[in-house]
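Chemist: Before I ask anything, let me first share the structure, which is written out below as structure tokens.
The values are calculated or read from the model by the stated rules, or taken from the named source; none is laboratory data. As the structure is a computational prediction, the values presented were derived from the model and not from experiment. Neighbour counts run over all protein chains shown; Cβ positions are idealised from the backbone, glycine included. For the accessible areas, the whole protein counts, side chains as well, though only heavy atoms, and no ligand, DNA or RNA atoms are used. Shrake-Rupley method; radii C 1.70, N 1.55, O 1.52, S 1.80 Å.
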Amino acid sequence: MDGVDFVTRLSLSALGKGADFLDVCRQMGVSGNNLGSSARMRIDAAMQQKFDQARQSGPHPVDLATARGWLRELLSQTA
């Protein structure tokens with residue numbers, strides 16, 4: 001993790017159980033602490049792809065609200 005989105009990505013890290021990751025999980029009724037490591041790895045990989053796509057074609061840096069929306073989408077697919 002590096003670049004201008006570092007702090008946002010860190011706070012949304014599933015593997016790192018970032019504060020915003022856990023907050024979005026709580027809001028969706030998902031226990032972020034109980035997700036298996038493979039599920040958290042898949043979420044982080046998918047989030048990385050979204051950040052990479054945004055860097056190439058969209059707004060940069062990515063605002064936290066947008067990234068939280070991405071995470072909500074991913075969690076709804078996981079849950």
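Chemist: Lys and Arg at +1, Asp and Glu at -1: add these up for the other residues within a Cβ distance under 15 Å of Ala45 and post the number. Can you show the working numbers first?
Modeler: Working: positive: Arg9, Arg40, Arg42, Lys50; negative: Asp44, Asp52, Glu73.
Net local charge, Ala45 excluded: +1.
Chemist: Ok, one more. Could you give the accessible area per residue of the chain, probe 1.4 Å, as a whole number in Å²? Could the numbers behind the result be given before it?
Modeler: Values: 4570 Å² over 79 residues.
Per residue, the chain has an accessible area of 58 Å².
Chemist: Residues with beta-carbon under 9 Å from that of Leu15, excluding Leu15: net charge, scoring Lys, Arg +1 and Asp, Glu -1? Show your work: numbers first, answer last.
Modeler: Working: positive: Lys17, Arg40; negative: Asp44.
Counting the neighbours of Leu15, the net charge comes to +1.
Chemist: Now for a different question. Taking square-rooted eigenvalues a ≥ b ≥ c of the alpha carbon gyration tensor, is the chain rounded, prolate or oblate, where a/c under 1.5 means rounded and, failing that, a/b exceeding b/c means prolate?
Modeler: Values: a/c = 1.76, a/b = 1.71, b/c = 1.03.
In terms of gyration-tensor shape, prolate.
Chemist: Can you pull the percent of the chain's accessible area that's carbon plus sulfur, 1.4 Å probe, other chains left in place? Intermediate values should be presented prior to the final figure.
Modeler: Working: 2350 of 4570 Å².
Roughly 52 percent, rounded to a whole number.
Chemist: With a cut-off of 8 Å between alpha carbons and a minimum separation of six or more residues, what is the relative contact order of the chain in percent?
Modeler: Details: 67 pairs, mean separation 26.4, N = 79.
Reported relative contact order: 33 percent.
Chemist: Ok, one more. Tell me which DSSP H helices of the chain clear both cut-offs, 20 Å or more of axial length from alpha-carbon atoms and a mean Kyte-Doolittle hydropathy of at least -0.5. Could you put the intermediate results ahead of the total?
Modeler: Details: long enough: 37-57 (30 Å, -1.07); 64-78 (21 Å, -0.05).
Span-like helices, by this rule, are 64-78.
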